Each structure stands twice: as structure tokens, then as C-alpha cells.
Amino acid sequence: MSMPPTLLLSFSDYEQQAKALAVVCGIPYETVLLHRFPDGESQLTLPVNLAETVILCRSLDDPNHKLVELMLTAQSLRQHGVKRIILVAPYLCYMRQDKAFHPGEVVSQTIVGHFLADLFDAVITVDSHLHRISQLSEAIPLEQAINLTATQPMAEFIEAHFTTPLLLGPDGESEQWVKEIATHFGFDYAVAHKQRLGDHNVVVTLPENDYARRNIIIVDDVASTGKTLLEAAKKLMPYQPASVSVLVSHALFIEDAIAQLNAAGVKQIYSCDSIPHQTNSVSLANILAKALQGVLQQ
Ligand SMILES: O=P(O)(O)OC[C@H]1O[C@@H](O)[C@H](O)[C@@H]1O
């Protein structure tokens, strides 16, 4: 019996985003059943009816579990005769470990990149942290390793919710996103300098600017511990801005990050829906669908 052409698969923890993408693309959707055993192993059950091309859609927060589950799913799909497997992972893990800072340190970015390239025929992600490389394909050696940016939906969100905002990038790397978002609607923007002293320890230095009475939005790619955003917000407060808000592509917000930001006076915290989180406000379904349709047509 011949297989249907396309199927979009995800896991129950990513169902909302994956189903939204399937609906925009007009592709049938199914869930991979997952059971995690007490010892940490994962048991996966694929749907019985697969397709010639399967799109696997899930972000890779909680990276070590999810990378193994990706591997098990993709290898099993191949064993069942699936010809083409496309990964849509709006948040890609391990992309920040892109350099050996000390002798012997493993450069995980390229190792994870090659691992994904062996499993998939194409990879689509969003605002991946490419600091020292310019193309995602330098980390994931695939012709179709596509790094989208969420700057357009983020800019539209800001335009709809703020009047004459001032965008602040909390470090040099964020300039690429902040500048592009600002350009869409002519928002003012500034970029701070950051020195990282440890996982939970950063020093942020603001550029000279008139921050008083402004509605300031700190924009970044990923909030992990939230310390980068927190330190930027703390530096802004003495200037008595009208408000300080936060908008990020990827909302990890580990442990009490949200509470700390709130305690520092950050009242509005927004994120794209790449990682399911209470702060999700900007849908990525449309930009993902456009890229996926382009890949499917090739
Ligand atoms: O400060 P936390 O939230 O832990 O880490 C996120 C920051 O670390 C950088 O790589 C990201 O671009 C972001 O600026």
C-alpha cells in the first residue's frame, strides 16, 4: 500500500504549536506517544500510518532528553520506509557552545549539528544563536539548514502594543535582531555591552541615551537564567523610564527568572511561542509555514 505524501508529527508537550503549523500548511497531524521510564529512558510509539515525507516539529529545550527522542523517532521513521524527514525545531539546543574557550572544551555546536544532519534531510529553526558563524549550514551541514528570524512578527507585536518604544539590545550579539526589528517601523534602539562572568553572573553597561520617561523593551534571542535581561533592567531603573518590558524569541526562563524580573520592576514579559511558556505572545506559525512550504516544494 502506498504512503500518503506528507504528515506532521510532534509530541504532546509541543502539540499546540505543531498543530497550528499543520493547520496553516494544510498537512495532517499526528502525535508520537512518549513514556519516560523511572530510570530516564524514553519509550516512543509512532502512529501506524506514516507518509513519504514526515515533518517532525518540536523545540529542543530540555536538550538531552529531546535529542535522544529525536534520534529514536527519526531512525524509526527511516526503518518504516519514510523517505524524507524534515525537522522543524524553532528552538535549537547547543548552538551557543560554538568555541573551545579552554583547552579540551568540547565544541558542542558542530557535533550536535552533524548529529542532526545525519538524521534529517532539512532543518528549520528560528533565531538560532550563531555568534561566530554566519550560516546555520556551517553548524548543520545540510543544503536546507534554514535559520529564520522572528524579527517581523516581533516588530508587528511591538507596533500593536507600544507607542514610540525604545528598544534595547542587552549585548552586542543582540544588535542583529534589535536593529532589524527597529527598522520595520522606525523604532528607536540602543545596544548595551555585556560581560559574562559565569552562568548566573553578567555585567551589563548601558550606552548613553535618554531613557527617562521612555517605554523601553529589552529584546534578545534567548532568556535562559534571565540574568542578562535582569541586569539590563536594573541598570535602566535609575533613569525612571515610563516602563521596562522584555521580548525574547526563546523563553527558557529557568527557575525563578520571571519572579526576579518582576521584582526588578519589569512588568510585561513577552516571548515568541518557540518554547511553550506563560509569556508566549507572538506566534511563529506563519513564518515557519512559509519556510516549510518552500522546503516541501523542492
Ligand atoms: O543571561 P541568560 O538568560 O542566562 O542567557 C541568555 C543570554 O546569553 C546569550 O548567549 C544570549 O544571547 C542571551 O543574551
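Before moving on, here are some points about what is shown:
- Of all residues in region 153-174 being open to solvent by 20 Å² or more (accessible area, probe 1.4 Å) and small (Gly, Ala, Ser), the one that is nearest to the ligand (Cβ to nearest atom): 172
- Among the residues of this structure, residue 259 does not count as one that is within 16 Å of the ligand (Cβ to nearest atom), closer than 17 Å to residue 162 by Cβ and of a type outside the set (Ser, Thr, Tyr).
So that you can scan it fast, the table gives a plain yes or no per residue for (1) closer than 16 Å to residue 71 by Cα; (2) among the hydroxyl-bearing types (Ser, Thr, Tyr):
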{"position": "103", "(1), (2)": "no, no"}
{"position": "106", "(1), (2)": "no, no"}
{"position": "113", "(1), (2)": "yes, no"}
{"position": "123", "(1), (2)": "yes, no"}
{"position": "127", "(1), (2)": "no, no"}
{"position": "134", "(1), (2)": "no, yes"}
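- Matching entry among 278, 298 (being open to solvent by 20 Å² or more (accessible area, probe 1.4 Å) and modelled with pLDDT of 95 or more): 278
- Conditions (1) open to solvent by 10 Å² or more (accessible area, probe 1.4 Å); (2) among the hydrophobic types (A, V, I, L, M, F, W, C); (3) in contact (Cβ under 8 Å) with a residue 40 or more places away in the chain: number failed by residue 178: (1)
- Filter result (open to solvent by less than 70 Å² (accessible area, probe 1.4 Å), among the polar types (S, T, N, Q) and touching a residue at least 24 places away in the same chain (Cβ under 8 Å)) within region 24-50: 42
- Taking the conditions (1) away from the ligand (no atom under 16 Å from the Cβ); (2) out of contact with any Pro (no Cβ under 7 Å at 6 or more places or on another chain) in turn, residue 114 satisfies each one other than (2).
- Scope region 249-289; condition among the hydroxyl-bearing types (Ser, Thr, Tyr), under 16 Å from residue 127 (Cα atoms) and assigned to a loop (DSSP other than H, G, I, E, B); matching residues: 274, 283
- When residues of region 167-183 are limited to those that are part of a strand (DSSP E or B) and of a type in the set (A, V, I, L, M), the one farthest from residue 154 (Cα to Cα): 168
- Residues (more than 24 Å from residue 290 (Cα to Cα) and among the basic types (Lys, Arg)) located in region 1-54: 36
- Evaluation of residue 173 against the conditions (1) of a type in the set (Asp, Glu); (2) within 19 Å of the chain's Cα centre (by Cα); (3) under 22 Å from residue 288 (Cβ atoms) shows that the sole unmet condition is (3).
The values are calculated or read from the model by the stated rules, or taken from the named source; none is laboratory data. All of these numbers come straight from a predicted model, not from anything done at the bench. Virtual Cβ from ideal backbone geometry, glycine too; neighbours counted across all protein chains shown. Please note that ligands, DNA and RNA were not included when accessible areas were found on the heavy atoms of the full protein model with its side chains. Shrake-Rupley method; radii C 1.70, N 1.55, O 1.52, S 1.80 Å.
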